[in-house]
Amino acid sequence: MSTIIAPAEKTEVVPEPITPWKPSQKTKSVSIIVFLASLFLSAAIVLLTGLAGIDGFGLALFCVVIVVTTVRNLRSNQKSRKDAFVGVFVASAAMLAFFPWMSIFASVIVKGVRGLQPNFLVENMQFTTPDDELNMGGAAHAVIGSMLMVSIAAAITLPLGILSGVYLTEIRGRLTFLVRFVVQSMSGVPSIVAGLFVYTTFVDYTSKFSGMAGALALAVLMLPTVARTAEEVLKLVPDDLRSASYALGARQWRTSLMVVLPTVRSGLMTAAILGVARVIGETAPLLLTSLSNNSFVFNPLGGPIGSLPTYVFGLLQIGTENSINRAWTGSLVLLILVLVLFTTARYVGGKDKK
Amino acid sequence: MSQTVQTSVMSMSDGQSESPVVRGLETRNIHAWFGKHHVLKDISLKFPEKTVTGLIGPSGCGKSTFIRLLNRMHEFIPGAAMAGQVLHDGHDIYSPEVDAAAIRLKVGMVFQKPNPFPAMNIRENVLSGIKLAHLKVADHDSIVERCLTRAGLWKEVKDRLTATGGSLSGGQQQRLCIARSLAVEPNVLLMDEPCSALDPGSTLRIEETIKELAEKIAVVIVTHNMQQAARVSDYCAFFLTDGGPGYLVEADATKKLFTNPGDTRTADYVQGKFG
């Protein structure tokens, strides 16, 4: 009687589900207590020794955690000791990368929130001097200018960028190498050069600064980002799908339009988002093309137009307390604007079907 | 009856000689190359309507290349070249005035891996061929129902036609792909190992589907599964390679090929002694 069923008691009771691969509650609490103790110890070190400030605290905490980890793993084998050490280094590196970003974010919120009053979002600076109290004037004109220019730039670049992605991955024509080379070179163009280029062409030709000029400069900067991202995304489409489409008697352009592009809808939305993110905070090219303005401008060809980056830039140059506060609030509004734009974009066009 | 058809699918060394027009596909002295690499040598076969033909043979003997030659998918591979004729309803599909996309409409294909379009739901997947090829069809609903029924999938999905293809199991996805191929009404369906990624139950369902399809159209199926070839096909063609280009060892009625083959290598292969 050979069988592969192991001898075990017959039982009708369904066992409690457990997760033996996860650390137990006890280990977890011990770890938390040890970490809190490390925090206090580091704080004590900062207070008692020459180390000072948040960076001193970070350094102290790092050393303390390393020592604690060593002590806690003294009895374990070499592999888990190595594991613990590498874990500490990886976590520290992540914190190190995370911290500056959090710090920027926090200071923009803390310093900008004071000026974030209703008037800031509906009024302009036409009859307000930068030094006036924060409950006067606003940046609505700058928000509108930024939105206007970025929208025009996106309207120009998204079709162009996606089409060049399609050219590079689907059509693979004779100019593939050239197009890829040009796109890569364009992504290295300093933003001020893009501004200068539009200044010497469009601004010179129309003999005035305008939102259209600003949008063109932003488009020059946005195009390589969108094109390269679109290319990378399109490369991910499995050839299976193209084959299936061809085997159904489809021509190439219908395959691209109806099978390949819809498959990577959310990826193309990412390309658009990255493109917008690339240009929405650009200041230098706008100084040469759209300049700035203190009142509402809705016509992209109607002369200088305000924008959030130039708004912040101008106020910082004035340098009084209220103007600097306004500048922080402008930065905060820029952050919020980006957040709102991206969330909407993801919600509207980014949902992949599963 | 069986005698006449048998001889008609037998390897035809005199492929250039006059013969009546075959409804379905016919190949005459087909060769294939990838670059300088000669992968397929002198294949002449007939795939008449209302038959199922199994292509068997070890990996690398050119079965897939051959089947892709039959609906002009071969030419998508860079460096691909060919020689010989493929006749669809008596017309050479490789003659210069022929539109490859139109040929692929009449000679459909099901791939090894199920590949429903991820951006479309089940209904849209079935109708994708019609939309992709710009066909004018009035009644979409009845096409969806008819094709899914023919592919043996209707009962399972009729209440969730708007779910995505990805939500189906592997076997259901493959049947969805078959339904998709049927929507453009081909009169030949090529299947390149359609069941190799599927469980026995789904395989059985697809084999039933194949038999039903063969009441109307010609089915060509590549398979590594001898039992499947025996179960599903009316005729079988055995391919082999000796390191060089793949060639046809013999082609005959499946029953004869499996019980009394004309070549000892065929006997060894179908009994599982090599390959």
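Some points to look at:
- Criterion violated by residue B:41 - all others in (1) more than 14 Å from chain A (Cβ to nearest Cβ); (2) out of contact with any strand residue (DSSP E or B) (no Cβ under 9 Å at 6 or more places or on another chain); (3) outside any loop (DSSP other than H, G, I, E, B) satisfied: (2)
- Checking the stated criteria, residue A:170 turns out to be over 24 Å from the mean Cα position of the chain (by Cα), assigned by TED's automatic domain parsing to the domain that holds residue A:212 and either at pLDDT 90 or above or closer than 21 Å to residue A:330 by Cβ (or both).
- Cβ separations smaller than 6 Å between residues 6+ apart or across chains give the following pairs from the stretch A:248-263 residues that are closer than 15 Å to residue B:99 by Cα to residues that are assigned to a helix (DSSP H, G or I) and at pLDDT 90 or above: A:248/B:129; A:248/B:132; A:249/B:101; A:249/B:104; A:249/B:105; A:250/B:132; A:251/B:101.
- Every condition in (1) assigned to a loop (DSSP other than H, G, I, E, B); (2) closer than 24 Å to residue B:173 by Cα; (3) of a type outside the set (Asp, Glu) is met by residue B:206 except one, and the failing one is (1).
- Where helices (runs of 4 or more DSSP H) fall entirely within the stretch A:212-295, those with at least 3 residues that are within 14 Å of chain B (Cβ to nearest Cβ) are at A:239-247, A:252-255, A:265-279.
- Test result for residue B:111, without any contact (Cβ under 8 Å) to a residue 60 or more places away in the chain, at the interface with chain A (Cβ under 9 Å from one of its Cβ atoms) and touching an Asp or Glu at 6+ places or on another chain (Cβ under 8 Å): no
- A single entry from B:17, B:2, B:8, B:44 fulfils the requirement of being at pLDDT 90 or above and small (Gly, Ala, Ser): B:44.
- Residue within the stretch A:51-58 that is aromatic (Phe, Trp, Tyr) and closer than 17 Å to residue A:84 by Cβ present: no
- Evaluation of residue A:146 against (1) over 23 Å from the mean Cα position of the chain (by Cα); (2) closer than 21 Å to residue A:312 by Cα; (3) at pLDDT 90 or above; (4) not β-branched (Val, Ile, Thr) (one fails), failing number: (1)
Matching residues to (1) crowded, with 21+ Cβ neighbours inside 10 Å; (2) modelled with pLDDT under 95; (3) assigned by TED's automatic domain parsing to the domain that holds residue A:144; (4) closer than 30 Å to residue B:71 by Cα:
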position: A:156; (1), (2), (3), (4): no, no, yes, no
position: A:161; (1), (2), (3), (4): yes, no, yes, no
position: A:174; (1), (2), (3), (4): no, yes, yes, yes
position: A:182; (1), (2), (3), (4): no, yes, yes, no
position: A:206; (1), (2), (3), (4): no, yes, yes, no
position: A:216; (1), (2), (3), (4): yes, no, yes, no
position: A:243; (1), (2), (3), (4): no, yes, yes, yes
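- Residue selected from the stretch B:86-108 under the condition surrounded by fewer than 18 Cβ atoms within 10 Å (Cβ to Cβ), more than 11 Å from chain A (Cβ to nearest Cβ) and of a type outside the set (Ser, Thr, Tyr), by the criterion farthest from residue A:249 (Cα to Cα): B:90
- Filter pass, residue A:18 being free of Cβ contacts under 8 Å to residues at least 60 places away in the same chain and either under 18 Å from residue A:87 (Cβ atoms) or touching a strand residue (DSSP E or B) at 6+ places or on another chain (Cβ under 6 Å) (or both): no
- Residue in the stretch B:127-134 that is among the aliphatic types (A, V, I, L, M) and closer than 27 Å to residue B:233 by Cα present: no
- Tabulated pairs, the stretch A:42-55, first assigned by TED's automatic domain parsing to the domain that holds residue A:100, second exposed (fewer than 13 other Cβ atoms within 10 Å of the Cβ) and modelled with pLDDT under 80, C-beta under 7 angstrom, 6+ apart or interchain: A:46/A:52
- Residue match in the stretch A:302-317 (condition: surrounded by fewer than 18 Cβ atoms within 10 Å (Cβ to Cβ), free of Cβ contacts under 8 Å to residues at least 24 places away in the same chain and either under 25 Å from residue A:148 (Cα atoms) or more than 14 Å from every other protein chain (Cβ to nearest Cβ) (or both)): yes
- If you go through the stretch B:129-154 and keep only what is under 27 Å from residue B:223 (Cα atoms) and surrounded by fewer than 23 Cβ atoms within 10 Å (Cβ to Cβ), you end up with B:146, B:149, B:150, B:152, B:154.
- Any hit, the stretch B:60-79, residues being more than 19 Å from the chain's Cα centre (by Cα) and modelled with pLDDT under 95: yes
- Which numbered condition residue B:179 misses (of (1) small (Gly, Ala, Ser); (2) under 30 Å from residue B:59 (Cβ atoms); (3) away from chain A (no Cβ under 14 Å); (4) part of a helix (DSSP H, G or I)): (3)
- Qualifying residue in the stretch A:282-291 (condition: crowded, with 21+ Cβ neighbours inside 10 Å, closer than 30 Å to residue A:228 by Cα and under 18 Å from the mean Cα position of the chain (by Cα)): yes
For every residue, the table says whether it meets (1) touching a helix residue (DSSP H, G or I) at 6+ places or on another chain (Cβ under 7 Å); (2) at pLDDT below 90; (3) part of a loop (DSSP other than H, G, I, E, B).
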{"position": "B:227", "(1), (2), (3)": "no, no, no"}
{"position": "B:231", "(1), (2), (3)": "yes, no, no"}
{"position": "B:236", "(1), (2), (3)": "yes, no, no"}
{"position": "B:239", "(1), (2), (3)": "yes, no, no"}
{"position": "B:243", "(1), (2), (3)": "no, yes, yes"}
{"position": "B:247", "(1), (2), (3)": "no, no, no"}
{"position": "B:250", "(1), (2), (3)": "yes, no, no"}
{"position": "B:256", "(1), (2), (3)": "no, no, no"}
{"position": "B:267", "(1), (2), (3)": "no, no, no"}
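- Number of residues in the stretch A:131-149 that are assigned to a loop (DSSP other than H, G, I, E, B) and under 22 Å from residue A:303 (Cα atoms): the value is 3.
- Checked against the criterion of being buried (at least 20 other Cβ atoms within 10 Å of the Cβ) and either hydroxyl-bearing (Ser, Thr, Tyr) or in contact (Cβ under 8 Å) with a residue 12 or more places away in the chain (or both), the candidates A:189, A:198 yield just one match: A:198.
The values are calculated or read from the model by the stated rules, or taken from the named source; none is laboratory data. Quantities reported herein were computed from a predicted structural model and do not represent experimental measurements. Because the Cβ atoms are built from the backbone with ideal geometry, glycine has one as well, and the counts that use them run over all protein chains shown.
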